[in-house]
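To start, the structure under review is shown below, and the notes come after it.
The values are calculated or read from the model by the stated rules, or taken from the named source; none is laboratory data. Given the structure is predicted, the values throughout are model-derived calculations rather than measurements. All Cβ positions, even for glycine, are placed from backbone atoms using ideal geometry, and neighbour counts span all protein chains on display.
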Amino acid sequence: MTRLPLPPLFLPLLLVATAHSVSLIFSHRAGELLTISDQLYLLVPALAALASWQVVPAARQRRLAVWAATCLSLLAGAEVYLVAVYDLRDLRAPDYGLGDALYHAYYLGLVGLLLSLGRGARVPGRLGLPEWVLDSMITGVVVAEVSWVLGLVPLLADARTTLLFKAVNVSYVVLDVIVLTLVLLRLRLSSASAWPLLLGLVSYVIADLVYLVDGPVTVPVGLADLLWTWGTVGQAVGFALLVRRDAGPGRPSAAVSLTLRTLPYLAVLTACLILIGNGLSMDLRGRGVVWFTVTVFTLVMLRQAVTLAETGRLNRALTEQAEQLARSRDEMEYRAHHDGLTGLLNREGFYQLLRAQQSGERTLLMLDLDGFKPVNDTYGHAAGDRVLREVARRIQEEGGADFRAARLGGDEFALLSLTPLESARARRCALRLVDRLSEPFAVRGGTMQLSVSVGVASAEAPLPEQALLGRADAALYQAKRAGGRRVQDALLNDRSPAASSDPPTA
């Protein structure tokens, strides 16, 4: 049975979160928060905390698992306390109370946890530590600017709220920006198992900002609640996947890397738009300064984009050049060890293979064509090359997967066994070669016949390659002296002819 990557409590957590999302749809249609939505929301952080503690016993990183479960327990305590004590009773929460204290403890624990997750990690890709820290800080500062313009300024100017209430909400924005910056840093180091956690944290930060923009005095119904719910689920699932036993370091995909590299430019664009929007209320001098500043920012960004494009082009060119050099190296390596006419191993490649198998059992077949010289004299060297290619093809077919074929030069070939073979099996292969190479060859204007002599030598114990070659050469010499078209075994000293066939004709 396949083992589930998450403990059993995560299933009811996902079901309750889905039910809460459905209830928010009905609350939005009714124009007010339904009681069932608050009741279901009570269960989401509570189940998330319990599921996180269920992960701890099997966690690969026990300390981080306990830390994550503690953070989610603090979050659950804050949410359950505020909803049960105030929301369900339609009471207004104090400007700062137990719920806010638990929230602050949760945020501080989360910041420490994110810093621990990234400690000692190396950033993959071309960007170094200063670059990716600055990229994340640029995005975080612009998010703070958006929060300032759309939420904090109206809040600070609202005479209905106390100074303590304002300070608490400002602290939440600061913590959200810090968490978002750390999440962007962590994204560059993330494997797939970290994505639920990072998306959950982003959802939670966005929910806080939506809450602030929509109005910090009244709790909004709808988008913020939805983001808080799934942000909590994402954190619980993400922490569970990140600390489990089989989790490991990874690197972001190309799409993620491209998104992260684009974020600083989008952040600068957002800052320019905010500057333009606020500059419209200035006098002529102020508006001119705004537009000139935006123009300078735009030109700097365009220059940076051109530089990045050129850098990308150079990197692609270098990559292509490296690949071409690798292909050229492989081709030169192939040519250095293979015969250009037949594609078989050449003498150097064959000796290299022979040395590599020096310590094991092997069988060597040395082949020499009988009467090949008249082929070149009668039909020409082009016809002789065609015959040699056909000989190589037949040798490879008969050797099959048991042997590696080589052309040692001229009309001399060899077969070396890749695995230990019985002597009878090697001899049967040699006899088949004699029969196969005695079959007619097509030449200009008709056919012709050749024959082959084969010397067989086996090494049942480690034997130097020169000794094995000497045995096979001696056996081949005996086969040639006996008239050719036969197999000679170096060990058995068997001079019996191969399967009978007509003598060769030139």
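Observations on the structure shown:
- Residue in region 410-418 that is among the hydrophobic types (A, V, I, L, M, F, W, C) and loosely packed, with under 14 Cβ neighbours inside 10 Å present: no
- Filter result for residue 339 (surrounded by 20 or more Cβ atoms within 10 Å (Cβ to Cβ) and either under 16 Å from residue 416 (Cα atoms) or under 44 Å from the mean Cα position of the chain (by Cα) (or both)): yes
- Residue in region 77-87 that is among the aromatic types (Phe, Trp, Tyr) and touching a helix residue (DSSP H, G or I) at 6+ places or on another chain (Cβ under 6 Å) present: yes
- Annotation for region 413-428: no member residue is at positive phi and out of contact with any strand residue (DSSP E or B) (no Cβ under 9 Å at 6 or more places or on another chain).
- Scanning region 346-378 for residues that are farther than 27 Å from residue 481 by Cα and of a type outside the set (Ser, Thr, Tyr) turns up 348, 349, 352, 353, 355, 356, 357, 358, 360, 361.
- The set of residues from region 57-76 being buried (at least 17 other Cβ atoms within 10 Å of the Cβ), of a type outside the set (S, T, N, Q) and either within 14 Å of residue 239 (Cα to Cα) or touching a residue at least 40 places away in the same chain (Cβ under 8 Å) (or both) comprises 59, 64, 65, 67, 68, 69, 71, 72, 75.
- The set of residues in region 27-59 being modelled with pLDDT under 85 and not hydroxyl-bearing (Ser, Thr, Tyr) consists of 28, 29, 30, 31, 32, 33, 34, 38, 58, 59.
- Among the residues listed as 107, 86, the single one being assigned by TED's automatic domain parsing to the domain that holds residue 242, hydroxyl-bearing (Ser, Thr, Tyr) and in contact (Cβ under 8 Å) with a residue 60 or more places away in the chain: 107
- Inside region 410-431, residues that are touching a residue at least 60 places away in the same chain (Cβ under 8 Å) and not in a loop (DSSP other than H, G, I, E, B) make up a count of 9.
- Criterion (under 24 Å from residue 170 (Cβ atoms) and either in a loop (DSSP other than H, G, I, E, B) or among the charged types (D, E, K, R) (or both)) met by exactly one of 100, 38: 100
Conditions (1) modelled with pLDDT under 85; (2) of a type outside the set (A, V, I, L, M); (3) within 29 Å of the chain's Cα centre (by Cα), marked per residue:
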site	(1), (2), (3)
117	yes, no, yes
122	yes, yes, yes
125	yes, yes, yes
131	yes, yes, yes
150	yes, no, no
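- Annotation note: of 220, 249, 216, the sole residue that is modelled with pLDDT under 70 and under 20 Å from the mean Cα position of the chain (by Cα) is 249.
- Output for region 396-409, where each listed residue is surrounded by fewer than 16 Cβ atoms within 10 Å (Cβ to Cβ) and not in a loop (DSSP other than H, G, I, E, B): 397, 409
- Test: residue in region 1-15 that is of a type in the set (S, T, N, Q), outside any helix (DSSP H, G or I) and without any contact (Cβ under 8 Å) to a residue 24 or more places away in the chain: yes
- The lone criterion from (1) surrounded by fewer than 16 Cβ atoms within 10 Å (Cβ to Cβ); (2) farther than 17 Å from residue 339 by Cβ left unmet by residue 393 is number (2).
- Qualifying residue in region 281-290 (condition: within 40 Å of the chain's Cα centre (by Cα) and loosely packed, with under 13 Cβ neighbours inside 10 Å): no
- Neighbours by Cβ (under 8 Å, 6+ apart or cross-chain): first from region 366-382, without any contact (Cβ under 8 Å) to a residue 40 or more places away in the chain; second assigned to a helix (DSSP H, G or I) and among the aliphatic types (A, V, I, L, M): 376/383
- Single condition residue 32 does not satisfy, out of (1) in contact (Cβ under 8 Å) with a residue 24 or more places away in the chain; (2) over 18 Å from residue 196 (Cβ atoms); (3) surrounded by 19 or more Cβ atoms within 10 Å (Cβ to Cβ); (4) not basic (Lys, Arg): (3)
- Residue pairs meeting the criteria (Cβ under 9 Å; at least 6 apart or on separate chains; first part of a helix (DSSP H, G or I), in region 292-313; second charged (D, E, K, R)): 308/261; 311/126
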